[in-house]
Amino acid sequence: MGEITISTNEVLDYLSNPNYMEQLQSQSLEVRRQIAELDVQHSGIVAEIVTTSQVGISYDDNAGGSTGRKRDLSDVLDVTKKMIEEHRKEYYWKYQTILHQIETCHRLSLVYDTLDAVTREVLNRLYKKKETWECIEYELQLSHRKLLSIRRKAIADIQYRYNSKMTNLQLAKQCDRAVFTPPKSPTKIQKETTNIEGQLSLTVMLEGKEKGTTI
């Protein structure tokens, strides 16, 4: 097996298509169906040719032309067999290509899961949810420069880990199971600060009243 490599465009295609694996699996099933159908057609065509030729040979027996008829039958069968084999090769090549793409997609998913929770959230919002940079920066409280840095490092890490000699099992064991916790929005923080200040003011006022009370 040759060196495993993956390009930036392949990484971005994977990140941008959350249903990629399902699509590939559906394509593989369709090609397998076409191969099976081709085999059935092959059997049916051969049987039809043989039957038709045998009928013709029985008519030619009296004229002594059976040898030529058999030779024609052999030629037709050879041509038919070659045509079907060519189609079968095309289907098998297509099937092998899809299987390779499935393998690539599977390894990418394992690599993706090794990223930290914040990085996964950023990539999910950028490529799967197609959110704007401004929206992500605001909701995750990230500067534009920081968001660019996370994205750039994420792509580089995915390529590095995918192209590494690590097995899929080793990648799976490095899966980061941490759940992303969104930061509190500035508005919510301001409200909580105001509530705390109000509670403190009320406490101070009550304490002042208690100190000024005489028995």
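Each value in this text was obtained by applying a stated rule to the coordinates, not by laboratory testing. Since this is a predicted model, take the numbers as computed values, not measurements. Reconstructed Cβ throughout: ideal geometry from the backbone, glycine too, with neighbour counts over all protein chains shown.
Some points to look at:
- Given Lys129/Lys184; Lys89/Lys128; Lys129/Lys165; Lys128/Lys153, the pairs whose alpha carbons are separated by over 29 Å: Lys89/Lys128; Lys129/Lys165
- Summing charges over neighbours of Ile150, with a neighbour being any other residue whose Cβ is under 12 Å away from its Cβ, gives +3 when K and R count +1 and D and E count -1.
- Translational diffusion of segment 71-164, µm² s⁻¹ [Kirkwood Rh, Cα pairs; Stokes-Einstein; 10 °C; 1.306 mPa s]: 93 µm²/s
- Summed residue charge, Cβ within 14 Å of Asn124's Cβ, Lys/Arg positive, Asp/Glu negative: 0
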